[in-house]
Amino acid sequence: MQDTQKNPNSYDDYTIAMVCAMSFEMSAGDPNIYVFGTLSGHNVVFVCLPGNQGKGSAATVATNLARTFLFIKWRFFVGIGGGVPTDKYDIRLGDVVVSMPDGQYGGVVQYDLGKDITDDFVLKGFLWPPPPRLRSAVEMMRLDHLISENKVDEFLSAML
């Protein structure tokens, strides 16, 4: 992603916001509160929570973003999450994970919305799923993965 120290655009030109829970998730050494850039042709603004994590902090940041950046269409909360790999879901450090509804659940399971019991986890609640347009994009990526040729050997050769 290309970033700049100064914002060359109007705030109205930004349509995507990335909210990070911790400063080290936002940048590789950039101390700015807001970081402006482009990602695949989209103007993107990054912002970090003000030192304390939680829903209250996230809500305050989201409210201030909405006041300043009037045309944000997508807000992504990005950061470190916990995952438990299984035979069906091989989750690894560094993977990008997008929540997707599964049956009656919205996709993201917040650990404190459940109860850990011996050999099981009883879910008490969940977060809302992503909007339909984003879920459609994920399904298109899944389809592309299923019908496209596996390029693992090509990527490994390029790395060696």
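The values are calculated or read from the model by the stated rules, or taken from the named source; none is laboratory data. Values in this document were obtained by computation on a predicted structure and should not be read as measured data. Ideal geometry is used to build each Cβ from the backbone, glycine not excepted, and the neighbour counts take in all protein chains shown.
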How many residues, within segment 47-103, are closer than 17 Å to Tyr34 by Cα and hydrophobic (A, V, I, L, M, F, W, C)?
17
Please work out which one of (1) under 27 Å from Trp74 (Cβ atoms); (2) at pLDDT 70 or above is the condition Asp112 fails and give its number.
(2)
Step by step: first the residues of segment 50-65, then only those that are of a type outside the set (S, T, N, Q) and outside any helix (DSSP H, G or I), then the one that is surrounded by the most Cβ atoms within 10 Å (Cβ to Cβ). Which residue is that?
Pro50
Under 6 Å between Cβ atoms, at least 6 apart or on separate chains: pull out the pairs that start in segment 88-107 with a residue that is over 15 Å from Trp128 (Cβ atoms) and in a loop (DSSP other than H, G, I, E, B) and end on any residue that is small (Gly, Ala, Ser) and modelled with pLDDT under 70.
Ile91/Gly83
